[in-house]
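Below is one structure, written out as structure tokens; the observations come after it.
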Amino acid sequence: MMGYSVFCFLWDGVLVDSGFLHAWDALRHFLKGKRVDVLLHTHAHEDHAGNSAAIIRTKGADAPAPGILAEALAHPERDHYRWFRTMTWGAPPEPCLARIMDGDVVSVGNRRFRYVPTPGHCPAHHVVFEETTRTMFTGDLYLAPVVRFASRHEDLGRTIASLRKAAALEPEIMFDSHLGALDDPIRRLNERADNMEAVQDRVLELDAQGLEPREITRLVLGNENHLSWITRGDFKKQNVVWSFLKGKGGV
């Protein structure tokens, strides 16, 4: 319905994210006969952790996570589920009892997977950075070259800082949870941050002129489309404006 695909990534027995409940049959078929020794997560939303409890149960996978992420995985009922999310992805995830890590690195063979906090999309969002190959799994940090929509709970100011933080790690390849493998990640991450900063500057400029958020949205991002109606405002253009105005204390 939403027009999105979702990726999970299996690499030598390490699975990054587990997809959404409606895709369980396809994922189970793909994993048949394959090892899943370790399950890592970029965040706890239902399209990324929807099958995690089932994978731990059926594959015996270890699921290490930093404390804030482990808490989110264990308590999906605290998220803000709306009807359109259940229709698109399936029921909210079954609680996933991740193992709380002492540090931020998971060593698997000669690989070192580092959890890097990148809040903004949600407070517990992380990228997973494999240090020996400079491979980054970015979850929902990147998503697109430009910002056009946001959920009502996103903090886009923090997302900009997280994009810069991820780019500073100098990844050589990145895997986006909705776009798949992407080359030239440093450029892509910085260009996304540049675009968001330009939108932020224009929003604040028009706000200083006394324009209302709805008019600012129309001038900067254009008119709302079907997503606003389908999600009853949970995912729409005006949320971008509101997020930037909240960041400066204006809403």
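By DSSP, what percent of the beta bridges with both residues in region 1-150 are antiparallel, rounded to the nearest 5?
Details: 15 of 22 bridges.
Close to 70 percent.
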Task: Antiparallel DSSP beta bridges within the chain, percent to nearest 5 - done: 65 percent
Open item on the list: Applying a 10 Å radius around every beta-carbon, put 56-65, 98-107 in order of their mean neighbour count, most first.
Closed with: 56-65, 98-107
- [ ] Rounded to whole Hz and in sequence order, give me ³J(HN,Hα) for region 144-156 from the Karplus expression 6.51 cos²θ - 1.76 cosθ + 1.60, θ = phi - 60°, writing x for Gly and Pro.
- [x] 6, x, 10, 8, 10, 9, 7, 7, 5, 9, 6, 10, 6
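Would you please classify the overall shape of region 85-161 from the alpha carbon gyration tensor, given that a ≥ b ≥ c denote the square roots of the eigenvalues, rounded means a/c under 1.5, and beyond that prolate means a/b larger than b/c while oblate covers the rest? Display every interim value, and only then the final one.
Numbers: a/c = 2.04, a/b = 1.35, b/c = 1.51.
Taking the square roots of the gyration eigenvalues as a ≥ b ≥ c, region 85-161 is oblate.
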Task: Euclidean distance between Cα centres, region 19-77 to region 182-251, Å - done: 32 Å
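Viscosity 1.002 mPa s, temperature 20 °C: what is the translational diffusion coefficient of the chain from Stokes-Einstein with a Kirkwood Rh over Cα pairs, rounded to a whole number of µm²/s?
114 µm²/s
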Task: Value of relative contact order over region 119-177, rounded to a whole percent, pairs C-alpha under 8 Å and six or more apart - done: 50 percent
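Please report the relative contact order for the chain, taking Cα pairs under 8 Å with a sequence separation of at least 6, and give it as a percent rounded to a whole number. Kindly include the intermediate steps, with their values, before the conclusion.
On the way: 478 pairs, mean separation 38.7, N = 251.
Relative contact order, the chain: 15 percent.
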- [ ] Give a residue-ordered list of calculated ³J(HN,Hα) values for region 117-127 (Karplus: 6.51 cos²θ - 1.76 cosθ + 1.60, θ = phi - 60°; whole Hz; x for Gly, Pro).
- [x] x, 9, x, x, 4, 7, x, 9, 5, 9, 9
- [ ] For a footprinting-style exposure proxy, rank Tyr142, Tyr115 by other Cβ within 10 Å, fewest first.
- [x] Tyr115, Tyr142
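Taking region 144-251, which GluC sites (Glu not before Pro) meet the DSSP loop condition and have no more than 14 other C-beta atoms within 10 Å?
Details: sites: Glu154, Glu172, Glu191, Glu197, Glu205, Glu215, Glu224; in loops: Glu154, Glu172, Glu224.
In loop regions of region 144-251 (DSSP not H, G, I, E or B), the sparsely surrounded GluC sites (Glu not before Pro) are Glu172.
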- [ ] Before rounding to the nearest 500, sum -39500 (n - 2.57) across all DSSP H runs of length at least 4 in the chain and divide by the residue total; then give [θ] at 222 nm in deg cm²/dmol.
- [x] -11000 deg cm²/dmol
Open item on the list: Whole-Hz ³J(HN,Hα) for each residue in region 102-109, computed from phi via Karplus 6.51 cos²θ - 1.76 cosθ + 1.60 with θ = phi - 60°, x for glycine and proline: what do you get?
Closed with: 7, x, 10, 10, 10, 9, 10, x
- [ ] When a/c is below 1.5 the answer is rounded, else prolate if a/b is larger than b/c, else oblate, so apply that to region 183-251 with a ≥ b ≥ c taken from the square roots of the Cα gyration tensor eigenvalues.
- [x] oblate
Task: Stretchable slack from Arg112 to His178, in nm (0.36 nm times residue separation minus alpha-carbon distance) - done: 21.4 nm
Open item on the list: Under the rule of at least 5 residues apart or a separate chain, name every residue whose amide H is placed under 5 Å from the amide H of Phe9.
Closed with: Val16
Task: For Arg114, residues with placed amide H under 5 Å, excluding near neighbours - done: Val106, Phe129, Glu130, Glu131
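Throughout, read-outs are computed from the coordinates displayed, never taken from laboratory work. Remember, predicted model here, so these are calculated numbers, not experimental data. When we count neighbours, we look across all protein chains shown, and the Cβ atoms used for this are built from the backbone with ideal geometry, even at glycine.
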